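As structure tokens, the structure follows; a few thoughts come after it.
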């Protein structure tokens, strides 16, 4: 069984992405990891070059005119996917702020082995933990997506969908998936508040025009995590080993009173519907196994 990994990144140093940890977390599962390194204004290229001999870099140029719905992220994802080994049986996707846990590697290998020759299965579905503010809190509101596809079978007309959160299959069909029985630790909302502010300003340029940014993005030197809290819970588990150094080296603190969790009316209604058996969560996949 041949397995390729793929991802994309740009300005990882400037925007404080844990891309090294992300790549390291899939390397033991992969024969290669293809990284599409976009035109950066920092030392991102050198950072990726020094990770591991199994990492293969393709250099890309982002189309900065694509400022609607994060489309450029899917374009860059597809560039990396197109560059993987054409004989790969599986392709593991990881984004620059996502990390797999080493404890889940056996389950991932088991699922890939089990479904390798199952022609009905297009990919494997992961559970998500979304960290917010620090490594001690996770988002638990309905605003966070709960599951997403992170392993696919290449060569089936599969492409990155919308803003690269998930995948579809030509002609725009949902993938049929089986559970990986594994987690993705998402750290996109955990970083130095100054770096988080830079990310917000850069990130929203991929979705909106300058007029929207001026109206909706607060001018600040540091991101105020308290302004954006919905529902949080304490994280009681262990983090992936590859993120340990970042946890030790963090240079900011974030604490909040989770008893003050704010729940919107929309989420209250969703909770009621869930209680009576109606799941309103968006699912960009069809779970078949």
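The values are calculated or read from the model by the stated rules, or taken from the named source; none is laboratory data. What you are looking at is a predicted structure, and each value in this text was computed from that prediction instead of being measured. Positions of Cβ are backbone-derived with ideal geometry, glycine not excepted, and every protein chain shown enters the neighbour counts.
Scan segment 47-64 and tell me whether some residue there is within 26 Å of residue 209 (Cα to Cα), at pLDDT below 95, surrounded by fewer than 20 Cβ atoms within 10 Å (Cβ to Cβ) and in contact with a helix residue (DSSP H, G or I) (Cβ under 9 Å, 6 or more places away or on another chain).
yes
Show the residue pairs meeting these rules: Cβ distance below 6 Å; 6+ apart or different chains; first residue within segment 178-192 and over 17 Å from residue 248 (Cα atoms); second residue modelled with pLDDT under 95 and not in a strand (DSSP E or B).
178/289
Going residue by residue through segment 224-235, is there one that turns out to be at pLDDT 90 or above, more than 19 Å from the chain's Cα centre (by Cα), under 22 Å from residue 145 (Cα atoms) and surrounded by fewer than 18 Cβ atoms within 10 Å (Cβ to Cβ)?
Checked segment 224-235: at least one residue is at pLDDT 90 or above, more than 19 Å from the chain's Cα centre (by Cα), under 22 Å from residue 145 (Cα atoms) and surrounded by fewer than 18 Cβ atoms within 10 Å (Cβ to Cβ).
Go over the candidates 168, 150, 156, 183 one by one and state the one that is under 30 Å from residue 86 (Cβ atoms), surrounded by fewer than 18 Cβ atoms within 10 Å (Cβ to Cβ) and touching a strand residue (DSSP E or B) at 6+ places or on another chain (Cβ under 9 Å).
Only one candidate passes the filter, namely 156.
Within the bounds of segment 194-216, is there any residue that is at pLDDT below 90 and closer than 30 Å to residue 105 by Cα?
no
Any residue in segment 266-286 that is modelled with pLDDT of 95 or more, under 27 Å from residue 167 (Cα atoms) and surrounded by fewer than 15 Cβ atoms within 10 Å (Cβ to Cβ)? Reasoning before the result, please.
Keep residues of segment 266-286 that are modelled with pLDDT of 95 or more, which gives 285-286.
If we keep only those that are under 27 Å from residue 167 (Cα atoms) too, we end up with 285-286.
Right, trim to surrounded by fewer than 15 Cβ atoms within 10 Å (Cβ to Cβ) and you get 286.
Scanning segment 266-286, I find at least one residue that is modelled with pLDDT of 95 or more, under 27 Å from residue 167 (Cα atoms) and surrounded by fewer than 15 Cβ atoms within 10 Å (Cβ to Cβ), so the answer is yes.
I'd like to know if segment 143-158 contains one or more residues that are under 19 Å from residue 4 (Cα atoms), touching a helix residue (DSSP H, G or I) at 6+ places or on another chain (Cβ under 6 Å) and in contact (Cβ under 8 Å) with a residue 12 or more places away in the chain. Spell out the reasoning first.
Start the filter on segment 143-158 by keeping residues that are under 19 Å from residue 4 (Cα atoms), which leaves 148-158.
Now restrict to residues that are touching a helix residue (DSSP H, G or I) at 6+ places or on another chain (Cβ under 6 Å): none.
There is no residue in segment 143-158 that is under 19 Å from residue 4 (Cα atoms), touching a helix residue (DSSP H, G or I) at 6+ places or on another chain (Cβ under 6 Å) and in contact (Cβ under 8 Å) with a residue 12 or more places away in the chain.
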